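Every number in this text was worked out from the coordinates using simple rules, so none of it is lab data. Being a predicted model, the structure only gives us computed values, none of them experimental. Neighbour counts are summed over all protein chains in view; Cβ atoms, including those assigned to glycine, are modelled from backbone coordinates with ideal geometry.
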Amino acid sequence: MDENNLNEDQLAAVVHGEGPLLVLAGAGSGKTRVLVHRAAWLIKERGVDPRKIALLTFTNKAAGEMKERIKKTDHKRADLGFSGTFHTFCAKLLRRYGREVGISPNFVIFDSQDSEAVMKGVLKELSIDPKQYKPGMFLALIGKMKNDLITQRMAQETARDYFYRQLAKVWREYQLKLARNRAVDFDDLLVKAVEVLKIGRVKEEINNELEWILVDEYQDTNKAQFELTRLLAGEKANITAVGDAAQAIYSFRGADYRNLRLLEESFPQLTTVGLAKNYRSTQHILDAAYCVVSNNTNHPTLKLLTTREAGQKVSLFEASDERTEAKFVVEEGKKMSDEGEEVAILYRTNAQSRSFEDELLRQDIPYKLIGGLRFYNRAEVKDLIAYLRLIYNPKEEISRQRVEKMGKRKATIFDEWLSKQSPKRKGKTEPAVLLEEVINLTNYLDRFDERDEADAGRIENINELLAVAGEYPNMALFLESAALSESEVKQHQSNAKISLMTVHAAKGLEFANVFVVGLEEGLFPHSRSILEGGKEEVEEERRLMYVAMTRAKENLSLSFARSRLSYGGRHLSIPSRFLAEIAEEYIKRTQGIKDSRTQDIGLPRHFVPRNDGVDGLGEKKRIIVQDWEVAEETKSDFDEIDNW
């Protein structure tokens with residue numbers, strides 16, 4: 001390990017001895033480097049057996065990157081005891097100890113679509129109208145309670161009205177169906193793993209096997225994950241948690257940045273190290289981003305100092321409408337991409353991509369759209385995995401239903417073939433071999449015409465699935481990986497330098513040039529945070545803005561439109577309050593594409609936050625934002641607003 005590559009704060013975190021450690025890592029401050037070097041230092045300098053170290057992350061991509069970087073360090077033994085996601089760790093734990101909490105070792109993992117299919121069946125049996133109470137709503141509520149470690153019995157005992165009594169019934173029947181299928185959902189993995197670790201004998205065994213716990217992105221943990229890490233740390237409390245409250249943007253998944261604070265309560269001897277030196281962005285970008293996020297009052301924020309120059313000021317562009325905004329952003333982005341530079345266009349919601357895609361297509365500019373349907377959620381992939389899951393677990397009803405929907409004749413042929421397979425063969429044969437047999441047996445490829453472009457893409461997906469299956473020695477590992485996979489859909493390889501994505505999708509990425517678009521009240525911050533939320537929701541939107549801004553390394557451009565097509569009509573827009581929070585000294589107005597409707601309005605100072613920091617809409621007059629609409633009808637009203 002080369003300690004010369006670490007700054008003073010990074011080194012302090014890396015060489016921390018025994019006991020709990022919290023690393024507050026600001027954007028671009030080298031948190032991955034710290035985790036990698038800490039693991040390397042423990043192995044080389046402290047003589048820790050790598051098998052005693054567990055690295056917990058939120059994505060397989062992050063775990064894989066860290067694992068490879070650890071292997072490249074200057075020691076020979078670097079295979080950690082565990083390196084992967086929380087859910088993968090929990091699945092492995094339950095394969096080993098699941099019987100202790102009533103889980104069969106050969107359980108299958110239901111993804112979101114499987115869970116929804118189960119829930120639809122539950123609602124039908126209970127005569128609950130799915131149009132009135134959607135399956136997804138029940139699943140979301142049950143998932144939140146599971147992540148908060150609220151049990152089914154607790155929910156039943158505290159049900160305060162008719163709806164929550166119905167929810168308790170639905171939850172009970174849902175769990176019974178999972179049990180009959182010998183299945184668990186994603187949330188069960190966490191909850192059951194916590195239950196397992198609360199068993200004294202199991203906890204002692206795991207604490208002896210894994211003595212050093214390293215956790216990435218701790219601000220994204222929910223209550224169940226917090227409790228899991230606390231139990232894993234055990235009495236020795238050798239836990240290293242890396243996180244940044246200013247980048248906590250996943251509360252809708254149950255994440256709670258306050259877990260950073262709870263660490264100190266759980267471990268009074270906690271040592272905290274702050275990483276405030278940024279290696280990514282220029283100082284003007286960092287200062288502008290800090291202007292925004294420092295308006296939050298519920299959590300501390302590190303003021304970052306760059307190792308680079310001040311750089312260009314942050315560009316601000318006012319457009320007359322979304323088309324003008326897209327034209328300007330695309331043309332500016334094209335100039336950068338033509339010089340070989342990477343460009344990212346970030347927006348708050350997926351629906352906003354339309355105008356930019358239209359403009360990119362109109363100008364015949366190659367681009368990458370990040371996001372969309374994931375590989376394992378594609379119909380042809382789920383079809384074939386359903387066959388494999390039935391080979392592994394013939395009692396599983398959801399896969400049975402999917403196979404039967406593909407045709408009774410095919411289902412009969414498959415069942416006859418399955419009945420002739422010995423348990424030993426099903427358990428030992430490579431999944432790729434079984435998959436190929438199923439494809440040939442059912443003539444599955446006959447449903448596609450390779451001359452059709454869409455069908456050709458589906459055949460490519462099947463070939464990809466075969467290739468992936470060939471990497472696994474047995475069915476259990478392959479099905480587990482398929483269910484837990486968090487990797488993005490494989491992008492088409494091209495020379496495209498322009499990427500489109502939501503801000504959430506951009507988390508963890510960085511680009512030389514970033515355009516943050518659609519900065520209007522109701523869009524960013526989103527209308528839900530304004531109308532239905534409170535201080536917490538608006539602060540999360542502000543953290544999301546901070547994440548968007550700190551993706552930029554060289555150039556950051558912000559834009560908004562004075563009017564926008566939405567909900568079947570065109571409506572006037574109000575510039576985002578976040579623009580008003582950026583100090584004038586860090587902004588330069590960009591003179592781009594203009595028309596008669598575009599004015600130089602300056603920064604929207606009427607959105608300077610009030611002292612309570614909640615709505616920031618000013619005291620003189622309130623503008624009611626409803627579904628992106630504004631309760632003001634005339635242009636003169638906006639002229640007045642601009643002069644406040």
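Helix-only arithmetic for the chain: the sum of -39500 (n - 2.57) across DSSP H runs with n ≥ 4, divided by the residue total, places the mean residue ellipticity at 222 nm at -13500 deg cm²/dmol.
Averaged over residues, the count of other Cβ atoms within 10 Å places the peptides 462-472, 199-209, 571-581 in the sequence 571-581, 462-472, 199-209, highest first.
Maximal additional length on extending the ARG201-GLN269 stretch stands at 21.9 nm, based on 0.36 nm per residue less the C-alpha distance. Using the empirical formula 2.2 N^0.38 Å as the baseline, the Cα radius of gyration of the range 221-271 reaches a ratio of 1.13. For the range 287-303, backbone phi angles converted through the Karplus equation (6.51, -1.76, 1.60; θ = phi - 60°) give residue-by-residue couplings of 5, 5, 5, 5, 4, 6, 5, 5, 6, 6, 10, 8, 7, x, 10, 6, 8 Hz, Gly and Pro being listed as x.
In straight Cα distance, which lysines are under 22 Å from LYS72, not counting same-chain residues fewer than 8 positions off? Leaving aside lysines fewer than 8 places away in the same chain, those within reach of LYS72 are LYS31, LYS44, LYS52, LYS61. As a calculated quantity, the FRET efficiency between ALA583 and LEU262 at R0 = 45 Å, using C-beta atoms, amounts to about 0.85. Its Cα gyration tensor gives the range 1-70 an equivalent ellipsoid. The semi-axes, each the square root of 5 times an eigenvalue, are 17, 17, 12 Å from largest down.
For the range 155-280, with equal point scatterers placed on the C-alpha atoms only and solvent neglected, what are the log10 I(q)/I(0) values from the Debye formula at q = 0.11, 0.20 1/Å, to two decimals? Log-scaled intensity ratios, in q order: -0.53, -1.19. Counting only DSSP beta bridges whose two residues both lie in the chain, roughly 15 percent are antiparallel. Residues whose amide H lies under 5 Å from that of THR306, counting only those 5 or more places away or on a different chain, are ASN278; hydrogens are built 1.01 Å from N in the peptide plane.
The range 237-290 and the range 149-226 have their alpha-carbon centroids 25 Å apart. Working from Cα positions, state the angle (0 to 90°, nearest 10) between the long axis of helix 353-362 and the longest principal axis of the chain. Taking the Cα atoms of the chain, the angle to 353-362 is about 80 degrees. Charge dipole of the chain (Cα centre as origin; +1 on each Lys and Arg Cβ, -1 on each Asp and Glu Cβ, all else neutral): 2120 debye, rounded to the nearest 20. Computed from point charges on the beta carbon alone (+1 for Lys and Arg, -1 for Asp and Glu), the dipole magnitude for the range 66-178 about its Cα centre is near 380 Debye. Amide H contacts for ALA183 (H built 1.01 Å from N in the peptide plane; partners 5 or more residues away or on another chain; cut-off under 5 Å): VAL108.
For the chain, the spread of Cα positions along the three principal axes, ordered from largest to smallest, is 78, 60, 57 Å. Across all directions, the average flat footprint of the convex hull enclosing the Cα atoms of the range 20-60 is 3.7 nm². Relative contact order for the range 56-154: 17 percent, from Cα pairs under 8 Å spaced at least 6 residues apart, divided by residue count. In the range 220-327, Cα pairs under 8 Å separated by at least six residues give a relative contact order of 25 percent.
Once the C-beta distance of LEU445 and TRP417 is scaled by a Förster radius of 25 Å, the resulting FRET efficiency is 0.90 to the nearest 0.05. Rounded to 0.05, the FRET efficiency of the GLU45 and LYS72 pair, given R0 = 30 Å and the Cβ-Cβ distance, is 0.95. For GLY407, neighbours were defined as the other residues whose beta-carbon sits under 12 Å from its Cβ, and their charges (Lys and Arg +1, Asp and Glu -1) total +3. Each peptide among 142-152, 233-243, 411-421, 32-42 gets the average number of other Cβ atoms lying within 10 Å of its residues, and from highest to lowest they stand as 32-42, 233-243, 142-152, 411-421. With contacts taken as Cα pairs under 8 Å at a separation of at least 6 residues, the chain carries a relative contact order of 17 percent. Taking other residues whose beta carbon is less than 12 angstrom from the beta carbon of GLN175, and scoring Lys, Arg as +1 and Asp, Glu as -1, yields +3. Here the range 99-138 was treated as a single set of alpha-carbon atoms; its pair distances binned every 10 Å from 0 give 27, 37, 27, 9 percent.
Round to a whole angstrom and tell me the spacing of the C-alpha centers of the range 1-62 and the range 383-402. Taking the Cα centre of the range 383-402 as reference, the centre of the range 1-62 is 42 Å away.
You can think of it this way: the chain between ASP338 and ARG528 has 64.6 nm of extra reach, that is 0.36 nm per residue less the Cα-Cα gap. The dipole here belongs to the range 270-352: it is taken about the Cα centre, uses +1 on the Cβ of Lys and Arg and -1 on the Cβ of Asp and Glu, and is about 440 debye. State which entries of LYS67/LYS146; LYS92/LYS192; LYS327/LYS368 exceed 21 angstrom in Cα-Cα distance in the structure shown. From LYS67/LYS146; LYS92/LYS192; LYS327/LYS368, over 21 Å: LYS67/LYS146. Computed extension gain for ARG160 through GLU536, at 0.36 nm per residue and net of the alpha carbon distance, reaches 132.9 nm.
Close amide H pairs (under 5 Å, H built 1.01 Å from N) link GLU520 with SER576, residues at least 5 positions away or on another chain.
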